[in-house]
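Student: Dumping the structure here so I can ask a few things about it.
The values are calculated or read from the model by the stated rules, or taken from the named source; none is laboratory data. Values in this document were obtained by computation on a predicted structure and should not be read as measured data. Heads up, the Cβs are rebuilt from the backbone with ideal geometry, glycines too, and the neighbour counts pull from every protein chain shown. Just the protein is used for accessible areas: all its heavy atoms, side chains included, with ligands, DNA and RNA removed. Shrake-Rupley method; radii C 1.70, N 1.55, O 1.52, S 1.80 Å.
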Amino acid sequence: MIKDEYLPLLKKVERPGRYTGGEFGCTYKDKNAVDLRMCFCFPDTYEIGMSNLGVKILMHCLNKLDFLWCERAYAPWDDMEKLLRENKLPLYALESGDPLCEFDIVAFTLQYELSYTNAVNMLDLAGIPWYSAERGEDDPLVIGGGPCAYNPEPVAEFFDLFSIGEGEEHLCEIASLYRECRKKGMKKAEFLRLASHIKGTYVPSLYDVEYNEDGTVRSIAPKYEDVPAVVEKRIIGDLDKAPFPAAFEMPYIEAVHDRVTLEVFRGCIRGCRFCQAGMVYRPYREKSVDVLDECARQSIAATGYDEMSLASLSISDYSHIDELVDRLLSWTEEKKVGLSLPSMRIDAFYAELMKKVMSVRKSGLTFAPEAGTQRLRDVINKNVTEEEILRSCRMAFENGRQNVKLYFMNGLPTETDEDITGIAKLAGSIIGEFGGRAVGVTVSVSCFVPKPFTPFQWEAQDTVEELKRKQQLLRSEIRSRKITYNYHTAEVSHLEGVFARGDRRLCKAVAEAVRRGQRFDSWDEFFSAENWHDIFATVGIDESFYANRRREYGEILPWDHISCGVSKRFLINESEKARRGETTPDCRTKCSACGANQLGGERRCCR
Ligand code: SF4
């Protein structure tokens, strides 16, 4: 609970509920009865952090350890940050109200690159030295994890270790070892050396990175023989046995996703070539209908929520989707609990499922063709045809939908202006076919950002100027007033592109940005392209080297010492097939031997 000295601040900030703690469902322990105190930090606002299922699952696992108490903290909004600094009050954890600098472990989930400045700024607000090398034995151990940990180098110097892959078991093993080492009076450096032997642990300080004259990486090598040259990710083999938090903290103020989120499966069978999640979360693993039904019943009973969403990368690929929806509907309808199925694939969408979904929730329908022509959809391996897009829109409109939202990207590899105008043509043909009805189409276009561990990790990102030219070209091509067109800010995607494939030299850019007050870079009201240009120039970073340069297959990539299980050979093959416009069938149709089923030397089925 918030401490008295902070209370006067609450009257001066918006949404004070972000800072009070004490929510229903919090975990409290006697801090004098535990050996380790840990704070899980979400480097963005409370409303976003409280919606993150991953953090709920990991805190649930960690708080099951009787020797550890895990609490939470979120990035304070600028009004609260200003007051904390003016009143010389440190950032604190919501459960106990204690300053983060008093904790043994501070962990950050890194969900997107533009949260990096917030993470370092939270260390600053907590009075914890930014750099791992500057932290002493009494400073907290700082851990990083989440999807961005697949290329942790741009923030490597700020973290003592990274948890690569799924953290349920890994973080508990790290906590147990840390407890043991401290009991034995061992130094943090000795602990880190031992921790590097635990699969899934990356300790940046135990690796040397060297660069070639041209700025590319020459080598990333462990300093000691016992430290693994490649850090392999961790996964949970049997998801039915994976811990699931039925009860969790209920936000005082509305969170972005204020409902029960039921994780149905991990991984994806599809293999879209731009999609990092579809690669790094492999192999594909499902939960059974029985386990899901039980988790759902417990969660609704424990939280009282009247809404539940089925979470996955592509829900309609769940092999028992009909049985699951029927099973859940058999009790949710009576309890007036709404069921939403986000991430429906446009080609796996059929009337029966639609009717079931529509019967419980009038949620918007969103499809992701991603590209405006069949040629480019084949290049990105989307495996969706124009007929399937029109068929799904017809089903949506015939079942009472008045608007469908279509997601596209611009800046994709091999893209031509014809592909851009193809987006307008496709939206136009939907309106053309159903325009007689009161229907509308929303076209939402993001900018392609090449990501590590995808077949497109070697591609050059379009320049900001080129992305903007394409955005205006599409605007000029969309003529119907029944089509709403919105697109992402190209400069923001450019910055994301710099950090997504950056190396350890970018740490100085993050530090300079924090010194200059850069925060919440993913929020329009705080993002400043000019500031970032100046920051990169000041620290001698050439942005285009990272964002707009095509890499050769032979180049050592800043993340080559991390393994997500999908082999580089497979990614190169997919990259070359993309160039030839060839598609790859989904995993259920045919295994393409990406390597994910070999993780940990154990052969697994993943279809
Ligand atoms: S090993 Fe085969 S089936 Fe499994 S994720 Fe890779 S390509 Fe798909």
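Student: If exposed means no more than 13 neighbouring beta carbons inside 10 Å and the site is in a DSSP loop, what's the longest run of the chain without any exposed GluC sites (Glu not before Pro)? Show your work: numbers first, answer last.
Tutor: Numbers: sites that count: E14, E137, E213, E225, E254, E333, E334, E525, E552, E582, E602.
Between the exposed loop sites, the longest stretch runs 335-524.
Student: While we're looking at this one, here's another question. Want the number for N486 to A133: 0.36 nm per residue separation, take away the alpha-carbon distance, what's left? List each step's numbers first, then the result.
Tutor: Details: separation 353, 0.36 × 353 = 127.08 nm, distance 4.42 nm.
The N486-A133 span can extend by a further 122.7 nm.
Student: Read phi for every residue in segment 501-514 and hand back ³J(HN,Hα) as whole Hz from Karplus 6.51 cos²θ - 1.76 cosθ + 1.60, θ = phi - 60°, with x for Gly and Pro.
Tutor: 10, x, 10, 5, 5, 6, 4, 5, 6, 4, 4, 4, 5, 5
Student: If you don't mind, another one. Go through S592, S476 and list them by solvent-accessible area, largest first, probe radius 1.4 Å. Walk me through the numbers before you get to the answer.
Tutor: Values: S592 40, S476 65 Å².
Sorted by accessible area, descending: S476, S592.
Student: Taking amide hydrogens as modeled 1.01 Å from N in the peptide plane, which residues meet the under 5 Å criterion relative to S563, leaving out close sequence neighbours?
Tutor: Here V231, E232, K233 satisfy the definition.
Student: With the cut-off at 26 Å, tell me which of the pairs K56/K223; K382/K425; K31/K287; K31/K187 have Cα atoms farther apart than that. Show your work: numbers first, answer last.
Tutor: Details: K56/K223 35 Å; K382/K425 18 Å; K31/K287 35 Å; K31/K187 23 Å.
Flagged as over cut-off: K56/K223; K31/K287.
Student: Something else about it: What does the charge dipole of segment 72-193 about its Cα centre add up to, to the nearest 20 debye, if the Cβ of each Lys and Arg holds +1 and the Cβ of each Asp and Glu holds -1? Don't skip to the answer; put the middle values down first.
Tutor: Details: 12 positive and 23 negative charges, 72 e Å.
Roughly 340 debye for segment 72-193.
Student: Still on this structure, please answer the following. Enumerate the amide H contacts of E71 below 5 Å, restricted to partners 5 or more residues apart or on another chain; note that Pro and chain-start residues carry no placed amide H.
Tutor: For E71, the qualifying residues are M38, C39, F40.
Student: In segment 48-119, what trypsin sites (Lys or Arg not before Pro) fall in a loop by DSSP, with at most 14 other Cβ atoms inside 10 Å? Each step should come with its number before you reach the end.
Tutor: Numbers: sites: K56, K64, R72, K82, R85, K88; in loops: K64, K88.
Loop-located and lightly packed - K64, K88.
Student: Return the sequence-ordered ³J(HN,Hα) values of segment 32-47 in whole Hz as given by the Karplus equation 6.51 cos²θ - 1.76 cosθ + 1.60 applied to θ = phi - 60°, using x for Gly and Pro.
Tutor: Values, residue by residue: 8, 9, 10, 8, 10, 10, 10, 10, 8, 9, 10, x, 7, 5, 4, 4 Hz.
Student: Let me ask you something else. Is it possible to state the helix-based mean residue ellipticity at 222 nm for the chain, with each DSSP H run of 4+ residues giving -39500 (n - 2.57), the sum divided by total residues, to the nearest 500 deg cm²/dmol? What is it?
Tutor: -10000 deg cm²/dmol
Student: Among the trypsin sites (Lys or Arg not before Pro) within segment 559-588, which fall in a DSSP loop and have no more than 14 other Cβ atoms within 10 Å of their own Cβ? All intermediate terms of the calculation are to be shown ahead of the outcome.
Tutor: Details: sites: K568, R569, K577, R579, R580, R588; in loops: R588.
For trypsin sites (Lys or Arg not before Pro) across segment 559-588 that sit outside H, G, I, E and B with at most 14 neighbouring Cβ atoms in 10 Å, the list reads R588.
Student: Let me ask you something else. Roughly to the nearest percent, how much of the accessible area of the chain is carbon and sulfur, given a 1.4 Å probe?
Tutor: Working: 11690 of 23230 Å².
The value for the chain is 50 percent carbon and sulfur by accessible area.
Student: Could you derive backbone 3J(HN,Hα) for segment 5-16 from the dihedral phi with the Karplus parameters 6.51, -1.76 and 1.60 (θ = phi - 60°), listing whole Hz in sequence and x where the residue is Gly or Pro?
Tutor: With coefficients 6.51, -1.76 and 1.60, one gets 5, 8, 3, x, 5, 4, 6, 9, 10, 7, 6, x Hz.
Student: Once R0 is set to 30 Å, what does the formula 1/(1 + (r/R0)^6) return for the Cβ-Cβ distance between E213 and Y553, expressed as a FRET efficiency to the nearest 0.05?
Tutor: Values: r = 20 Å, r/R0 = 0.67.
E between E213 and Y553, to the nearest 0.05, is 0.90.
Student: Still on this structure, I have one more. State the answer as a single residue: which of L467, L376, V439 lies farthest towards the positive end of the charge dipole of the chain, with beta carbon charges of +1 for Lys and Arg and -1 for Asp and Glu, about the Cα centre.
Tutor: About the Cα centre, the residue reaching furthest to the positive side is V439.
Student: Grab the beta carbon distance between R375 and K88, set R0 = 51 Å, and tell me the FRET efficiency rounded to 0.05.
Tutor: Working: r = 60 Å, r/R0 = 1.18.
Calculated transfer efficiency: 0.25.
Student: If you project the alpha carbons of segment 1-53 onto the principal axes, what extent comes out on each, in Å, largest first?
Tutor: Result for segment 1-53: principal-axis Cα extents of 36, 30, 21 Å.
Student: Ignoring ligands and nucleic acids, what accessible area does F40 show with a 1.4 Å probe (Å², nearest 10)?
Tutor: Only protein atoms counted, so the area is about 10 Å².
Student: Then there's this: Students often forget the sequence filter, so: which lysines lie under 16 Å Cα-Cα from K11 once same-chain residues fewer than 8 apart are removed?
Tutor: Within reach: K3, K82.
Student: Among DSSP beta bridges whose residues both lie in the chain, state the antiparallel percentage, nearest 5. Don't jump to the answer; show the numbers that get you there.
Tutor: Details: 11 of 56 bridges.
Taking every DSSP beta bridge within the chain, about 20 percent pair in antiparallel fashion.
Student: Can I ask one more? Could you work out how far the C-alpha centroid of segment 517-565 sits from that of segment 381-416, in angstrom?
Tutor: After rounding, the separation between the Cα centres reads 31 Å.
Student: Show the residues, 5+ positions off or on another chain, whose built amide H is closer than 5 Å to the amide H of Y207.
Tutor: The answer is K223.
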